[in-house]
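The values are calculated or read from the model by the stated rules, or taken from the named source; none is laboratory data. Remember, predicted model here, so these are calculated numbers, not experimental data. As a convention, Cβ positions derive from the backbone with ideal geometry for all residues, glycine included, and neighbour counts pool all protein chains shown.
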Protein chains: 2
Amino acid sequence: MKKEPNQRRDEIIEKAASLFQEQGYRAVSMRKLALHLDIKASSLYNHINSKQEILSEIVMELARDFTIHIQSVSRSLNKNAGEKMREIIEMHVRVTIRKTDFLACLNNDWMHLGEKDREEYIEMRQSYESDFRAILEEGIQQNQFVKMDKEIAVFSMLSSLRTFYLWLKRNPEQDEQHLIDEMNRNLLDGILK
Amino acid sequence: MKKEPNQRRDEIIEKAASLFQEQGYRAVSMRKLALHLDIKASSLYNHINSKQEILSEIVMELARDFTIHIQSVSRSLNKNAGEKMREIIEMHVRVTIRKTDFLACLNNDWMHLGEKDREEYIEMRQSYESDFRAILEEGIQQNQFVKMDKEIAVFSMLSSLRTFYLWLKRNPEQDEQHLIDEMNRNLLDGILK
DNA sequence: GTCTATAACCTGATAGAC
DNA sequence: GTCTATCAGGTTATAGAC
């Protein structure tokens, strides 16, 4: 809750995200995490209360950022559906670049959150998908988008965006604007001439 | 290797795929798996040699099917790039419908394969992506596809296809041809008018 | 083919010395 | 803030009775 700066704690969470992303939450023990930080597992508990708390720190803040951002975009009145869609795609790419490992954990390990966090996460994800769908609907009604099965389109576009971190892991140091442009074209224009 | 029919063994592997898909390979213990099959964990070892062998059975055959299929499509001489792409997309959707849980395991749990299988898996995945990329290249040269960053396009399209099982889990019993048509449109034509 | 019992080890987490 | 020692329970897998 509070935002006391806590360097060691952040270090632990960063390293955990990196390992979770690589091996999965269940495959990374506290001993393994501690080894990568050159301390003993028991020392971790001076900075965090539980393994699940680390996961929560990684996933929940990022999920809240996504939820808030798409809400503000989808409700803005001075943009048409196409512009909204481009802004969402751009946001996804930017977050992917800045929080690569955190996003990977959000995608792959959310089901290992504690019950309360997990419920909140699922709610936020539903809310996000619902806002995304609303923009598609708006675009179809404005005759800016083609007629389509919105459910499948939401899923298909979000799949590309959500797993973009995988590609970025294998192709680091790309020009940010190039990535944004290409993802916009892939998802909005398609590849056919 | 041999294809003796072995009903109980297949039952175990099916149930394991279902649980792995839901909770992740590491989160499903042999006791948990046994509980869902109404036997004791030790009895499982009369049918399989190890937990990892179950994962291998789930992932490797499916990976080989994908690899072989895209090879035969990409090398066929009587189809243009657009037709090849449509056939690959169709194949992905059909496999997703028929092997939903197996595909989920392939996507999420391949890193828990034994070293030998894991290496073979990675090779097959690279080969698959390389065939996919070649079809895009062919389409660009034939002036059938727009100019694009092929690496990003391969990733983006495959992301949608690979995680289609997630959507299918939440929306079962859809018309197969409708799914194929919509995925073709999403990935090839985009959503913009 | 399933069971009980058990081996050998790993798991998250805590107590208390320094 | 890190350490050693430890707890209580879970992990894969095997041995051997039935």
Quiz prompt | residue A:112 being within 17 Å of residue A:187 (Cβ to Cβ) and touching a residue at least 24 places away in the same chain (Cβ under 8 Å) | solution = no
Quiz item: Can you name every residue in segment B:141-162 that is in contact (Cβ under 8 Å) with a residue 12 or more places away in the chain, more than 18 Å from residue A:189 (Cβ to Cβ) and surrounded by fewer than 17 Cβ atoms within 10 Å (Cβ to Cβ)?
Solution: B:142
Quiz item: Any idea which residue in segment B:163-193 is nearest to residue B:108 (Cα to Cα), counting only those that are of a type in the set (Lys, Arg) and surrounded by fewer than 19 Cβ atoms within 10 Å (Cβ to Cβ)?
Solution: B:169
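Suppose the filter is in contact (Cβ under 8 Å) with a residue 24 or more places away in the chain, within 17 Å of the chain's Cα centre (by Cα), assigned to a helix (DSSP H, G or I) and more than 7 Å from chain A (Cβ to nearest Cβ); does residue B:94 pass it?
Values: in contact (Cβ under 8 Å) with a residue 24 or more places away in the chain: yes; within 17 Å of the chain's Cα centre (by Cα): yes; assigned to a helix (DSSP H, G or I): yes; more than 7 Å from chain A (Cβ to nearest Cβ): yes.
It is true that residue B:94 is in contact (Cβ under 8 Å) with a residue 24 or more places away in the chain, within 17 Å of the chain's Cα centre (by Cα), assigned to a helix (DSSP H, G or I) and more than 7 Å from chain A (Cβ to nearest Cβ).
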Quiz prompt | Cross-chain or 6+ apart pairs with Cβ under 6 Å, segment A:119-140 first and polar (S, T, N, Q), then at pLDDT 95 or above | solution = A:127/A:67
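What's the total number of residues in segment B:160-170 that are under 11 Å from the mean Cα position of the chain (by Cα) and facing another protein chain (nearest Cβ under 7 Å)? Don't jump to the end; show me each part of the working.
From segment B:160-170, those under 11 Å from the mean Cα position of the chain (by Cα) are B:161-165; that's our starting set.
Adding the requirement that they be facing another protein chain (nearest Cβ under 7 Å) leaves B:163.
The number of residues fulfilling the criteria is 1.
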Quiz item: Quick check: anything in segment A:30-49 in contact (Cβ under 8 Å) with a residue 24 or more places away in the chain and basic (Lys, Arg)?
Solution: no
Self-check item: Output for segment A:171-182, where each listed residue is of a type outside the set (Asp, Glu) and more than 9 Å from chain B (Cβ to nearest Cβ)
Solution: A:172, A:177, A:180
Exercise. Go through the residues of segment A:172-189 one by one and say whether even a single one is touching a strand residue (DSSP E or B) at 6+ places or on another chain (Cβ under 7 Å) and free of Cβ contacts under 8 Å to residues at least 24 places away in the same chain.
Key: yes
Quiz item: What are the residues in segment B:44-70 that are away from DNA strand C (no atom under 16 Å from the Cβ), under 19 Å from residue A:27 (Cβ atoms) and hydrophobic (A, V, I, L, M, F, W, C), if any?
Solution: B:55, B:58, B:59
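If you scan segment B:99-116, which residues turn out to be charged (D, E, K, R) and assigned to a loop (DSSP other than H, G, I, E, B)?
Narrowing segment B:99-116 to residues charged (D, E, K, R): B:99, B:101, B:109, B:115-116.
Once the filter is applied, which keeps residues that are charged (D, E, K, R) and assigned to a loop (DSSP other than H, G, I, E, B), segment B:99-116 yields only B:99.
From the list A:16, A:27, A:41, A:34, which one is within 14 Å of chain B (Cβ to nearest Cβ), surrounded by 14 or more Cβ atoms within 10 Å (Cβ to Cβ) and within 14 Å of DNA strand C (Cβ to nearest atom)? Working first, answer last.
Numbers: A:16 fails: within 14 Å of chain B (Cβ to nearest Cβ); A:41 fails: within 14 Å of chain B (Cβ to nearest Cβ); A:34 fails: within 14 Å of chain B (Cβ to nearest Cβ).
None of the other options fit; the residue is A:27.
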Quiz item: Checking residue B:131 against (1) within 12 Å of chain A (Cβ to nearest Cβ); (2) over 12 Å from the mean Cα position of the chain (by Cα); (3) assigned to a helix (DSSP H, G or I); (4) within 27 Å of residue B:79 (Cβ to Cβ), which test does it fail?
Solution: (1)
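Looking at A:58, A:68, A:89, which one is more than 25 Å from residue A:15 (Cβ to Cβ), surrounded by 20 or more Cβ atoms within 10 Å (Cβ to Cβ) and either away from DNA strand D (no atom under 16 Å from the Cβ) or free of Cβ contacts under 8 Å to residues at least 12 places away in the same chain (or both)?
Values: A:58 fails: more than 25 Å from residue A:15 (Cβ to Cβ); A:68 fails: surrounded by 20 or more Cβ atoms within 10 Å (Cβ to Cβ).
Among A:58, A:68, A:89, only A:89 is more than 25 Å from residue A:15 (Cβ to Cβ), surrounded by 20 or more Cβ atoms within 10 Å (Cβ to Cβ) and either away from DNA strand D (no atom under 16 Å from the Cβ) or free of Cβ contacts under 8 Å to residues at least 12 places away in the same chain (or both).
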